[in-house]
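Student: This is the structure I want to talk about, given as structure tokens.
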Amino acid sequence: MAIWEDFIDSIVDPAGRLAKAELKGLIRDFRKDRSAFLARQGRKMQRCITQLAKGEITPAEFRSYIEDIRDLTEMEKVRMSVAGKARAQRLIEGITDLVINGLLRLI
């Protein structure tokens, strides 16, 4: 398994609030998205989690990078096709729900 996946799996979540499989699926899906922009955003999320797992960035830096990814996706959504907007919205909601409201509470 990749470092970022191992890191997500290793997080202790006593309340069961972090949907680990859903988070990993979100990142995997967007890394392969047909939109070059969304695929880049998925790769950035993976890279940020890997850096956090390796101790290369702090949780505060991680939060900042993830919020930047979310905000850039929100801005780019305006220029996308209808289908692209729906996928971008899914990424934005995933970042908010799974990463900011889930993962960041546990690290």
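Taken together, the values in this text are just the output of simple stated rules run on the coordinates, not laboratory data. In this text, all values refer to a predicted model and were calculated from it rather than measured experimentally. In this analysis, Cβ positions are derived from the backbone assuming ideal geometry, glycine residues included, and neighbour counts consider all displayed protein chains.
Student: Those residues that are in contact with a helix residue (DSSP H, G or I) (Cβ under 6 Å, 6 or more places away or on another chain), among the aliphatic types (A, V, I, L, M) and part of a helix (DSSP H, G or I), I need them from segment 46-72; list them, please.
Tutor: Kept after step one, since they are in contact with a helix residue (DSSP H, G or I) (Cβ under 6 Å, 6 or more places away or on another chain), are these residues of segment 46-72: 46, 48-50, 52-53, 57, 62-63, 65-66, 69-70.
Checking which are among the aliphatic types (A, V, I, L, M) leaves us with 49, 52-53, 57, 66, 69.
I49, L52, A53, I66, I69, listed by residue number.
Student: Separate question: How many residues are touching a Ser or Thr at 6+ places or on another chain (Cβ under 8 Å) and exposed (fewer than 15 other Cβ atoms within 10 Å of the Cβ) when one looks only at segment 28-55?
Tutor: 0
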